[in-house]
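Working notes for the structure below.
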Amino acid sequence: MDSLSTGTLSGAQKEELMDQVKQQIAIANAQELLTKMSEKCFKKCINKPGTSLDNSEQKCIAMCMDRYMDAWNLVSRTYSSRIQRERNNM
Amino acid sequence: MSNTESVDPQLQDFILSETQKQRFQVLVHGLTDTCWETCMGRPSNRLDSKTEVCIMNCVERFIDVTTFITKRLMNTTKYRSDSPLEFQ
């Protein structure tokens, strides 16, 4: 893959490339979050699918989303700490 | 790679670091999924402490399970490289 030998890219072009990659990664992660939230919150909140989302269902979904983010952040912190601990024990 | 030029070191570092970051993200997504199923009751206004403790234990125990399985797979005769069963 000749495009990997990038000695000809300027500093600015490299920065732009790296920014684009970071953006793509961020989009992919947001997408994953969206997919998981939809799945989990549908399961928790929509027990008898009606012809529209009623108020209580919408409230439930909003709360569910916030709790999912809380859970995600807690998992992230717990996992980071665990990795740190493992590193310190090596 | 047949060409003799090496990859730009700055980009190489970038790729390595982003790959590592993304591996972490993927694991957090998976762990959150699993531990939500294990620990989450009805969503309320905040995560109560019982749920928080459950999630933290869940993460730690899941890692323990992965470690246990890895070690045992490495040690069990069935899965050694001289056996006909091959893992890619």
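We did not get these values from a lab; they are worked out from the coordinates using the rules stated. What you see is a predicted model, and the numbers here were worked out from it, not measured in a lab. A quick note on method: Cβ atoms are made from the backbone with ideal geometry, for glycine too, and the neighbour counts reach across all protein chains shown.
Here are the numbers for this structure:
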{"quantity": "The lone exception for residue A:67 - which of (1) surrounded by 15 or more Cβ atoms within 10 Å (Cβ to Cβ); (2) in contact with a helix residue (DSSP H, G or I) (Cβ under 7 Å, 6 or more places away or on another chain); (3) within 9 Å of chain B (Cβ to nearest Cβ) it fails", "calculated": "(2)"}
{"quantity": "Hey, residue B:30 in a helix (DSSP H, G or I) and more than 7 Å from chain A (Cβ to nearest Cβ) or not", "calculated": "yes"}
{"quantity": "Which numbered condition residue B:6 misses (of (1) among the small types (Gly, Ala, Ser); (2) outside any helix (DSSP H, G or I); (3) under 21 Å from residue A:86 (Cα atoms))", "calculated": "(3)"}
